[in-house]
1. Just to check your reading of the model, which residue among 345, 316, 333, 311 is at pLDDT 95 or above, surrounded by fewer than 21 Cβ atoms within 10 Å (Cβ to Cβ) and part of a helix (DSSP H, G or I)?
2. Looking at 383, 366, can you tell me which residue is assigned to a helix (DSSP H, G or I) and farther than 21 Å from residue 425 by Cβ?
3. Select the helices (runs of 4 or more DSSP H) contained entirely in segment 413-456, then report the ones holding at least 3 residues which are at pLDDT below 90.
4. Quick one: count up the residues across segment 270-288 that are in contact (Cβ under 8 Å) with a residue 24 or more places away in the chain and over 21 Å from residue 240 (Cα atoms).
5. Cβ-Cβ distance below 9 Å, separation of 6 or more or different chains: which pairs start in segment 62-80 with a residue that is not assigned by TED's automatic domain parsing to the domain that holds residue 33 and end on one that is at pLDDT 75 or above and part of a helix (DSSP H, G or I)?
6. For a quick check of your reading of the model, give me the residue pairs whose first member lies in segment 17-35 and is assigned by TED's automatic domain parsing to the domain that holds residue 56, whose second is in a loop (DSSP other than H, G, I, E, B) and modelled with pLDDT of 70 or more, with beta-carbon atoms closer than 6 Å and at least 6 apart or on different chains.
């Protein structure tokens with residue numbers, strides 16, 4: 001009623017009287033709603049009607065801080081502190097200002113002072129916990145959030161923060177002990193069971209995690225996060241159909257997400273229901289066309305089914321979204337090789353190298369394609385670069401044999417052939433696959449035969 005009365009007053013320009021509590025409720029509503037200009041109007045009118053009110057002046061400080069007007073807030077707060085030196089809200093706002101300036105240790109000192117003046121300590125403990133988090137002092141942060149829990153066992157925000165502190169310190173066993181103790185006192189808390197499941201999941205105790213998530217969703221049948229984590233855990237246990245069923249529950253509870261569609265698709269792919277997998281991957285990219293993971297999953301599925309044209313179509317979608325992903329360009333090269341689009345394959349391999357994927361198979365793949373295209377000098381340059389990083393690779397040495405021989409540099413060819421045979425004699429058959437004319441050369445044959453006799 002007070003809010004309607006105030007807004008009616010603004011529309012009519014009439015001046016109504018509000019008591020102090022009414023003004024505070026109106027101002028807090030506007031601040032919480034992000035309607036700062038209306039909050040300031042209410043504060044201005046409130047101070048005209050209640051000029052001595054410390055609470056209204058403190059709300060003015062809060063409005064300044066909301067708009068990051070730190071200097072105005074500081075000046076007003078100093079005036080208030082002179083009048084009300086033992087008001088806990090003064091020190092809370094002083095701490096807020098120092099926190100905004102990055103002075104978190106000083107903010108904690110102000111909050112400790114606020115604690116000495118207030119009976120309602122939970123909010124101050126929570127603020128102190130946050131300041132310790134800013135300092136990465138997880139132990140003290142956890143202590144303050146634990147005070148909040150002791151005062152109010154249903155302060156789930158504090159519970160989340162305590163578990164976050166354990167997570168940051170990688171103290172998952174300690175987190176489990178804490179959550180078990182909490183559950184002993186508050187056994188019907190779905191949040192605690194959910195967090196307990198998460199800790200077991202991190203430690204790969206999937207059966208214990210599943211039990212925890214089961215309790216969470218039994219307590220709250222509409223607990224979306226519980227079903228999501230339960231589904232992920234079932235995946236880890238290889239129960240893909242049960243995982244799918246739980247993912248489907250999340251879609252019933254809330255709007256579907258591309259993430260859930262993808263997880264369902266991956267589960268179907270693992271149980272080899274490929275049509276269903278494709279269907280859900282397509283739902284994912286329909287839900288979020290900019291999610292490249294959906295496009296690449298479709299690409300890989302069709303690639304594995306040897307449907308290379310479709311794979312190429314979906315890969316083009318992924319590359320439009322993320323054109324600096326080396327794995328995508330590797331797949332691009334592989335697909336184009338399958339389609340006999342060799343120049344495009346060269347583009348793919350070169351893109352991989354440009355993006356930092358310098359694994360031996362990229363160098364070798366590029367070399368083989370360039371050789372097939374008759375670009376032997378370019379192929380040799382690529383391989384010589386590869387050799388600097390990958391010494392003692394028979395795959396490289398035998399190709400150097402072929403390329404040097406083709407380029408009429410027989411001396412180098414024979415040198416590399418000896419090196420290659422020392423590394424892996426049996427792999428010499430690659431010469432027959434890639435450079436048959438070299439393999440059939442009398443001198444090469446002779447050297448291969450003589451080396452075999454020498455090692456037998």
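The values are calculated or read from the model by the stated rules, or taken from the named source; none is laboratory data. Computed from a prediction, not measured in an experiment: that's the story for all the values here. In this analysis, Cβ positions are derived from the backbone assuming ideal geometry, glycine residues included, and neighbour counts consider all displayed protein chains.
1. Matching residue, one of 345, 316, 333, 311: 316.
2. After applying the criteria, what remains is 366.
3. 442-455
4. Adding up the residues that qualify gives 3.
5. From residues that are not assigned by TED's automatic domain parsing to the domain that holds residue 33, there are no pairs.
6. Once the first residue is assigned by TED's automatic domain parsing to the domain that holds residue 56 and sits in segment 17-35, its partners that are in a loop (DSSP other than H, G, I, E, B) and modelled with pLDDT of 70 or more give 20/50; 20/53.
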